[in-house]
Amino acid sequence: EGTLTITVSEALTVKVTGFTGLYNGVTHYVSSVPSDTNGTTLYYSTTGGTDLDDYSTTPIGVKNVSESKTIYVAAVNPNYETAFGYAEITLSKRTVELTSATDSKAYDGTPLTNAGVTPSGDGFVGSEGFESEPAASGTILNVGSTANTLEIPELKDNTLAGNYTISKTEGTLTITVSEALTVKVTG
């Protein structure tokens, strides 16, 4: 009697797709698709290589900008040579720009203030943000101009500074010369 032998195939591949985008508060994983899903188990690692002891069946997620990394995948099937692949998960910081109001008026003996702040940029995700509403605190009384000062508030406990680039632009408060001054001359 002869012998029938099936040898391990080298045809198994694994397509690994990563993610690149802005931080959005969601945990991202690589998408891994083996060329033969029948009997194939996927393993994940952050170090790579061919030693399966460095891999785990638990998918590796990336949620915060500081966690961006390369994820290595091993597709293991007893009928094939192990296939390896990798992809990057790269998260970028969101921008939050605060701009204090610009305002002006003619001199009237009272100070000019304007606490208004306009946010722009990508903004915060969900309930993340500042502990308090940003407010400008500039003030001017006499003719001239000054910056409408703005302090960036503290972040909430659930907001990681590393996921955001926060900047400010201060507006200008201006008091112009009043035309209301009159002189009454009597003879």
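The values are calculated or read from the model by the stated rules, or taken from the named source; none is laboratory data. Please read all numbers here as calculations on a predicted model, not as lab measurements. Positions of Cβ are backbone-derived with ideal geometry, glycine not excepted, and every protein chain shown enters the neighbour counts. All accessible areas refer to the heavy atoms of the entire protein, side chains included, with ligands and DNA or RNA removed. Shrake-Rupley method; radii C 1.70, N 1.55, O 1.52, S 1.80 Å.
What to note about this one:
- Of the listed requirements (1) out of contact with any Lys or Arg (no Cβ under 9 Å at 6 or more places or on another chain); (2) open to solvent by 60 Å² or more (accessible area, probe 1.4 Å); (3) within 23 Å of residue 77 (Cα to Cα); (4) not hydroxyl-bearing (Ser, Thr, Tyr), residue 36 misses just one: (2).
- Residue 44 vs. criteria at pLDDT 95 or above, over 30 Å from residue 126 (Cβ atoms) and surrounded by 13 or more Cβ atoms within 10 Å (Cβ to Cβ): no
- Total residues in the stretch 131-160, condition part of a strand (DSSP E or B) and of a type in the set (Val, Ile, Thr): 3
- Single residue of 9, 92 found to be surrounded by fewer than 19 Cβ atoms within 10 Å (Cβ to Cβ) and either touching a Leu at 6+ places or on another chain (Cβ under 8 Å) or within 30 Å of residue 128 (Cα to Cα) (or both): 92
- If you filter the stretch 133-179 down to residues that are touching a Pro at 6+ places or on another chain (Cβ under 6 Å) and under 16 Å from residue 118 (Cβ atoms), you find that the one that is surrounded by the most Cβ atoms within 10 Å (Cβ to Cβ) is 134.
- Of all residues in the stretch 79-135, those satisfying the criterion of being over 20 Å from residue 171 (Cβ atoms), among the hydrophobic types (A, V, I, L, M, F, W, C) and more than 27 Å from the chain's Cα centre (by Cα) are 83, 84.
- Residues that are open to solvent by 50 Å² or more (accessible area, probe 1.4 Å) and more than 11 Å from residue 44 (Cα to Cα), drawn from the stretch 57-79: 63, 66, 67, 69, 78, 79
- Scanning the stretch 10-41 for residues that are assigned to a strand (DSSP E or B), over 13 Å from the mean Cα position of the chain (by Cα) and hydroxyl-bearing (Ser, Thr, Tyr) yields 17, 31, 32, 41.
- For the stretch 76-125, filtered to residues that are in a strand (DSSP E or B) and among the charged types (D, E, K, R), the residue that is nearest to residue 10 (Cα to Cα) is 88.
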